[in-house]
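Here the structure is laid out as structure tokens; the discussion comes afterwards.
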Amino acid sequence: MNKEELHRVIGEQQPNICQMVVLKNGNIIYSDTWNDFNADDNIHIASVTKSIIAILIGIAIDKGMIKSIHQKVLDFFPDYVLKRGEKTIHNITLYHLLTMTAPYKYKSEPWTKVCTSEDWSKAVLDLLGGKSGIIGEFKYSTLGIHILSTIITKVSNMTTLEFANEYLFKPLEIKERHLYTVKNKEEHIGFVTSKEPKENGWFCDNKGIVSSGFGLCLSAEDMAKIGQMCLDKGIYDNKRIVSTEWIEKITTPYLTTDEKFGFMKYGFLWRIIDEEEKIYSAIGDSGNVIYVNTEKNIVISVTATFKPLVFDRVQFIREYIEPFVLE
């Protein structure tokens, strides 16, 4: 298959893809766009944001701002007033947030309750734990990990956005991100579902704390740089961004997800696609992906416009894109 044929196959079989960048041995060997997007346009990368937050937590640990992944969440919120009878929350640590094994007091995520509250972080803490909450069971949460961003803000004396710009984006030669704010529910929904290019933004709460679970806007080229840095064990352009130890930790499988997530193995907000072949990914709704194959020295990044329930993007990459790269 040549590049023209691959472009056609992607357009036909994965019609919401906007951009794709493929790196092999650190060099771009394929870069393409669809749906009238340009290579430098930004797209909301949905839950790939979570994996970026995991990298930022590692940088904060490397800098001594956070003692350990086993530090308890409430250590960072000494003024938080516990609800009567609440005990479980005392034992929840950063490890549980990073592995999605923290318990919450809801069956489905209460978006309206949290996003209309005066303090998102307090609203999330109010949902954490529960009298019958069981620590250690996989429970995927986008709102629940918002407090990771708050923790970075607390320990660094910088906003998480400033921290990310200074210690991740700038060293990777990614343009500075800016806060993206919305005024109401309609603008919030529009941000997520709009199929137009985005600004250099990161969705934030009403206090200017960027969301941990979604909301970051990047291009496929930006995402490829992050993937290459991970493949190179925390180094980019001969600069140390994050420790090798942290890259190994975030890409180590700690548990197996449930049927909804295809029984995929889960690290620290990264998915482990194949433990033996050392393939891992950051995966977001609509099929936004950073795919890293360490043994083949390949990074594949994909951005996509909003389309619910896209579950086959990694499968498509393995079936069509990797064989093209390895020809």
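The values are calculated or read from the model by the stated rules, or taken from the named source; none is laboratory data. The shown structure was predicted, so the numbers you read here are calculated from the model rather than taken from an experiment. Glycine gets a Cβ as well: all are built from the backbone with ideal geometry, and neighbour counts include every protein chain shown. What goes into the accessible areas is simple: the full protein's heavy atoms, side chains included, and nothing from ligands, DNA or RNA. Shrake-Rupley method; radii C 1.70, N 1.55, O 1.52, S 1.80 Å.
Distant-in-sequence amide contacts of Tyr254, defined by a placed amide H-H separation under 5 Å and a gap of 5 or more residues or a different chain, comprise Tyr266, Gly267. Quick one: pull the percent of accessible area on the chain belonging to carbon and sulfur, 1.4 Å probe, ligands and nucleic acids left out. Result for the chain: 48 percent of the exposed heavy-atom area is carbon or sulfur. Here's how it looks for Tyr236: its modeled amide H is under 5 Å from those of Ile241, which are all 5 or more places away or on a different chain. Dividing the mean sequence gap of close Cα pairs (under 8 Å, 6+ apart) by how many residues the stretch 265-313 holds gives a relative contact order of 27 percent. Segment Tyr254..Asn157, full-extension length gain: 31.8 nm, with 0.36 nm per residue of separation and the alpha-carbon distance subtracted.
Taken over the chain, the convex hull of the Cα atoms encloses 123 Å³ per residue. With the simple spin-label model, which puts each label point 7 Å out from Cα in the Cβ direction, the Asp312 to Lys3 separation comes to 2.7 nm. Amide H contacts of Asn206 (H built 1.01 Å from N, in plane; Pro and chain starts excluded): Trp120 sit under 5 Å, all sequence-distant by 5 or more or on other chains. Solvent exposure of the stretch 58-194 amounts to 51 Å² per residue of accessible area, where only protein heavy atoms count and the probe is 1.4 Å.
Per residue, the average separation of C-alpha pairs within less than 8 Å and at least 6 apart gives the stretch 181-272 a relative contact order of 14 percent. Using only DSSP helix segments of four residues or longer, with each worth -39500 (n - 2.57), what per-residue ellipticity at 222 nm results for the chain after dividing by its residue count and rounding to 500? It lands at -8000 deg cm²/dmol. Counting every alpha-carbon pair across the stretch 75-222, the share separated by more than 19 Å comes to 56%. Of Arg177, Arg271, Arg84, the residue with the greatest mean-square motion in the GNM of the chain, using alpha carbon springs below 10 Å, is Arg84.
Our estimate of slack between Asp237 and Phe138, defined as 0.36 nm per intervening residue step minus the Cα-Cα distance, is 32.0 nm. Extending 7 Å from the Cα toward the beta-carbon at both Tyr30 and Glu187 defines two label points whose distance is 4.0 nm. Shown is the FRET efficiency for His70 and Glu196, computed with R0 = 35 Å from the Cβ-Cβ distance and rounded to the nearest 0.05: 0.25.
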